[in-house]
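Notes for the one structure printed next.
The values are calculated or read from the model by the stated rules, or taken from the named source; none is laboratory data. Just so we're clear, the structure is a prediction, and the values are computed from it rather than from any experiment. Here the Cβ positions follow ideal geometry from the backbone for every residue, glycine too, while neighbour counts run over all protein chains shown. Ligands, DNA and RNA are stripped out before the accessible areas are found, and what is left, the full protein with its side chains, is counted by its heavy atoms. Shrake-Rupley method; radii C 1.70, N 1.55, O 1.52, S 1.80 Å.
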Amino acid sequence: MGAGVIARFGHAPAILQTPGLVLASVYDPSQESLAEFARTHPGVEVETFQDRNAFFASGISAVSVCSSAPAHLSNVREAAAHGLPVLCEKPLAMTDADIAAMIGLMEGAHLPLVAAFCYRFAPVAQSIKHLVDAGAIGAVRSMRLIYNWNLHGKYSYENGERHENPYRVGRMLEGGPMVDCGVHQIDLARWWTGSEITDYTAHAAWVDEEFEAPSHMWLHMDHDNGCHTAVEMSFAYTHTAKEPISMFTYDIIGTDGILHYDREGWKFEMRNGTETVRMPGSSEKNFVGMYHAWARALRTGDFSGLPNGRDGMVATRTARTATEECIARHRSAHKLGKP
Ligand SMILES: NC(=O)c1ccc[n+]([C@@H]2O[C@H](COP(=O)([O-])OP(=O)(O)OC[C@H]3O[C@@H](n4cnc5c(N)ncnc54)[C@H](O)[C@@H]3O)[C@@H](O)[C@H]2O)c1
């Protein structure tokens, strides 16, 4: 459900590459999105629907919810009513209450809900999990997870005219960098440490001053095992630059070593008391790995290794409340009205 950018470039190609899954039907209320989907998937036999009832009557056995976030809850509600397992894009919903409702609907129907945290399935993220669990760097005490980028730039150009990039505007209006991207890092921090967040503080900056949401944010989280995670997220890093660059790193600091990943340098290494190991880099996302895991779970009924609704709820709640606290503090400190 939803045939936008992430469905076209992330989900659909991954479903097509997963044994046991068939991309059967695509629903989107927008004819334009469906046409773009068809254009980007030449030769793929798939039924497309603008009519929800016809989509649900098309014989499907599971649903990927890839629509824009405000439409997630209603889509999950209908999937649950039709008895279908769901994999839902982040953020699961716009509010805590809506996410709780979503979880309740799926549990009430005895159906599995998977939060589409595709970062967990990246080879680098999987290796970090295995190395941390094996004690390769001792006990993890501190993590610093950074993603600074321009979200495809502040402006796009059409026929020589400059326009505000609509894709970036949509993401800023949905909550900005921590809500949109930071949920992945919050999820990784909980998953890698196997430890819940007990407390957090956040600070923010309005590099791009046009939006209510901050364009650059820092989140400091304490875990119940004593570990600390700092997440830095920006949608305004080189957002007006002619030659933009990105910064994407993970630093995992343990009592006997570190793990360091730099996506831009395709660098991934471990340094501990006995050795320095240079490992292959990878992308930070892995939709194919996520769909392989989902297909396996659908087949076996064992969803234990997959991110669930609660994981989605904790990450979204943390990112959203942290963002809202920063906005409130900024407004009161600078005596600002609502933009
Ligand atoms: N996991 C990731 O790395 C990642 C990356 C980008 C976006 N996302 C998430 O994926 C979701 C979609 O993002 P996108 O970039 O594809 O956005 P998009 O705007 O390109 O596409 C959204 C699509 O949803 C459709 N839509 C609107 N209402 C709908 C409804 N009621 N039912 C079904 N479809 C509906 C729109 O017509 C549009 O085609 C968002 O929740 C976003 O946060 C995740």
Under the Karplus curve 6.51 cos²θ - 1.76 cosθ + 1.60, θ = phi - 60°, whole-Hz ³J(HN,Hα) for the stretch 98-111, x wherever Gly or Pro sits: 5, 5, 4, 5, 4, 4, x, 4, 5, 5, x, 8, 6, 10
Theoretical gain in end-to-end length, Asn225 to Tyr157 [0.36 nm per residue, Cα-Cα removed]: 19.6 nm
Where Cα atoms sit under 25 Å apart: lysine pairs in the chain separated by 8 or more or lying on different chains: 9
Percent carbon-and-sulfur accessible area, the chain, ignoring ligands, DNA and RNA, probe 1.4 Å: 52
Solvent-accessible area per residue, Å², over the chain with all protein chains present [probe radius 1.4 Å]: 45
Built amide H within the under 5 Å cut-off of Met279, gap 5+: Phe268, Glu269, Met270
Projected-area mean, the stretch 1-74, by convex hull of Cα positions, square nanometres: 4.8
The stretch 178-237 versus the stretch 260-309: alpha-carbon centroid distance in Å: 20
Charge dipole (the chain, unit charges on Cβ, about Cα centre) - positive-most of Gly265, Cys326, Tyr155: Gly265
Mean Cβ count within 10 Å, highest first, over the residues of peptides 282-293, 180-191: 180-191, 282-293
